[in-house]
Every structure is written in C-alpha cells, then in structure tokens.
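Asker: My questions all concern the structure below.
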Amino acid sequence: MLRVYFTSEDLARVRVATGPDYLWEISNSVQTLQRADGRREFGEWRRWARPRLPESCRLLTPLLPPQGCSPDFLTPTYGDRESLQAAVDALVRTPRPRLRADLTRVAATRRLPGWTTALADGDGAALQRLGQVLGAYHRQVMAPFWQRVRAHIDADRVLRVHGLLDGAVDGLLAGLGPRFRWRPPVLEADYPVEHDLWLNGRGLLLQPSFFCWPTPVTLTDGALPPVLVYPIDHERDWSCAQPSRRPDTDAALGQLMGHTRAAVLSAARTGASTVELARLLGVTHPAVSQHVKVLRTAGLVTTARRAGRSLHVATAEGRALLRSGECGGGAA
C-alpha cells in the first residue's frame, strides 16, 4: 500500500499536471507493453506496437520491468512539458550521484545488464544513447497515438476540476478513483509494496497518465519533488482505429456543419455531461449522443466516464477549431 501524508500546507499546494509527461508515459508504456493484463485497455495497442518496436528499444526493458522498482532518474522534473527533447535533455543532464544511487538500488533487487555500469558512472555516450532510445521508442509506438493520449488526459483534468469545484481539495483527492482512499490527512492507494510518502509542506503534483497500469506510481526517493502518477480511464475503442486506418478528417469535418454541433463543441470546451448538454441545447439525450459521436469521430471531442457519468470534453483540435471560428455557421 502507498500512503501519502499531507499537512494543511500540502493541501494548499496540490496541483494537477497541465498535460501528459513524456517520460512518465514512455516509462509506464514500456512496463505496460510487457504485461498481459489490461487487455481491454491496451490489448489492441500491444498487438500493434510489439512488431514495430525497434531492437534498440529493448535496452529499456531491464530498467523498466513490468513489476519491481525502476530508476527515478528516468522521470526527471523538467520545465518545458510540450517538448520531448526538453525531457530527454533533462534526463541526459542527470548528476552522476543520482545515476549511481538509483542503479545501485535497482541492482540490489535484480541483475542489470553490463552496459548500465557506464550509465552509473555518468558516461556521456551512455546517457546520449539512452536519450536516443527513448526518442526512438516514442516515435515508433507512442507518437501515432499522442493526440489521443493528450485528449484523454485533458478529459481527466476536467474531471479533476469538477471534483475540486464540487468538494474542494477533499473532493479532488476523494475522486481519484477506486484504487485510492482519502482518509484525511492520508491518501492511501493500491501499490505493489509498502511505501510512505511524507510531503512535509512541499505539496503534491498529481500526474494523470494514459499508460499507467494498473496502480499509481511515485518516485522511490521521498526527497525528490513529490509526484503521484495515476491511471486514467480510456475510451473502449481508443486503439482499435490504428493510425494507418484513422477516419478521413475532411470527411468527418464535412458532417460538422450546423449550429447544434457547434454549440455542443463549444459547451464541451470546459466539459459537459450528456444531461447538461441536452438541457442547455433543448434537445433529446439520443440527439446529443449522436452529435457527440460525430465530433468524437472527427477527433474534436473525447469522453471520460466515471461513476456512470459521461463527461464530454473538447480536445486540443476542437478548441483550436472553436478559436478559428470555423464552427460559426451552417444549417441546424
């Protein structure tokens, strides 16, 4: 079990990450790719990704096994969250003491390959090689789905905002899902080992993760900036339409003309349920569902489901389309 201990100061410093973290998603997906469970969530993606995995990327599996600890330095804190290169650069700059401490800790639990000795010594070539492998892995098996990853995390952020608005920080922490139990001042979570995280006034970054499975993740070293990475819900068919077989965007957008769909998309900017949309627009629930389906097919809306409630959220592409004013006209 994981226990996160809050003070009153920590409760005022709880934050939700602004989007996906490249290195957490890579690390979590490498582990998820090696697992056999979670077939509904990841089965199609695994079948698609495994044959495409470059041979060099197999260097990652000893560092990121499906069970057991992993080096903290693989998921550093960095500023520019919009750039994979910024994340890799932060990793490559990891100080030698951190590299050695992390790899020594991991080596105490399992045998590591010989090449990690150079990594532990802070060898620049070994670090650059690791950075290249991470980039290649992302390009091959994650980048084709990255818009969907971002859309799902955007939707989860809206869920967190609703929890915060409805119940303050208590509502935010209590609404993280069935794997969590908020018993003030302690947040408990299902975890493969016993682990206590004392925040001591530093606050906590909640990082939603698309590929985190099946339990949340945190850093082993409690002295590092506190972060709690948690799994989010997935649309059932998120990976069934593989990148090479995505629906034609122009054809999908051709179905979008009309005031009602434009209004649905506009209301979904900050998240809205089917019931809320029907009441706002004065249409039936089935009509809302049909409009949302078209918007979702076009990649402009994603749907998050929690406790029997469907929350429809405009994606980054949907918000860009709203800003451009392209949804402003047409027949109802």
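The values are calculated or read from the model by the stated rules, or taken from the named source; none is laboratory data. What you see is a predicted model, and the numbers here were worked out from it, not measured in a lab. The protein model used for the area step is the full one, side chains on, heavy atoms only, and it has no ligands, DNA or RNA in it. Shrake-Rupley method; radii C 1.70, N 1.55, O 1.52, S 1.80 Å.
Asker: Before I look further, what does the chain give for accessible area per residue, probe 1.4 Å, in whole square angstrom?
Answerer: On the way: 15230 Å² over 332 residues.
Spelled out: the 1.4 Å probe surface of the chain, per residue, equals 46 Å².
Asker: Something else now. Please list the non-local residues whose amide H lies under 5 Å from the amide H of VAL14, H modeled 1.01 Å from N, same-chain partners needing a gap of 5 or more.
Answerer: Amide H to amide H, under 5 Å and 5 or more residues apart or across chains, VAL14 pairs with LEU204.
Asker: Taking the chain as a Gaussian network, where each spring joins two C-alpha atoms under 10 Å apart, which residue of ARG93, ARG160, ARG150 fluctuates the most?
Answerer: The residue that fluctuates most here is ARG93.
Asker: Please list the helices of the chain that count as membrane-span-like by this rule: a mean Kyte-Doolittle hydropathy of at least -1.0 together with Cα atoms stretching 30 Å or more along the helix axis, each helix being a complete DSSP H run. Walk me through the numbers on the way to the answer.
Answerer: Numbers: long enough: 146-174 (31 Å, 0.12).
Helices meeting the span and hydropathy rule in the chain are 146-174.
Asker: Is the shape of region 1-84 best called rounded, prolate or oblate, per the rule: a/c under 1.5 gives rounded, else a/b larger than b/c gives prolate, else oblate, with a ≥ b ≥ c the square roots of the Cα gyration tensor eigenvalues?
Answerer: prolate
Asker: Quick one: pull the percent of accessible area on the chain belonging to carbon and sulfur, 1.4 Å probe, ligands and nucleic acids left out. Working shown, then result.
Answerer: On the way: 8130 of 15230 Å².
Within the chain, the accessible surface is 53 percent carbon and sulfur.
Asker: Same structure, new question: Over region 255-303, how many percent of alpha carbon pairs lie in each 5 Å bin up to the one with the longest distance?
Answerer: Distribution as computed: 5, 24, 40, 25, 6 percent.
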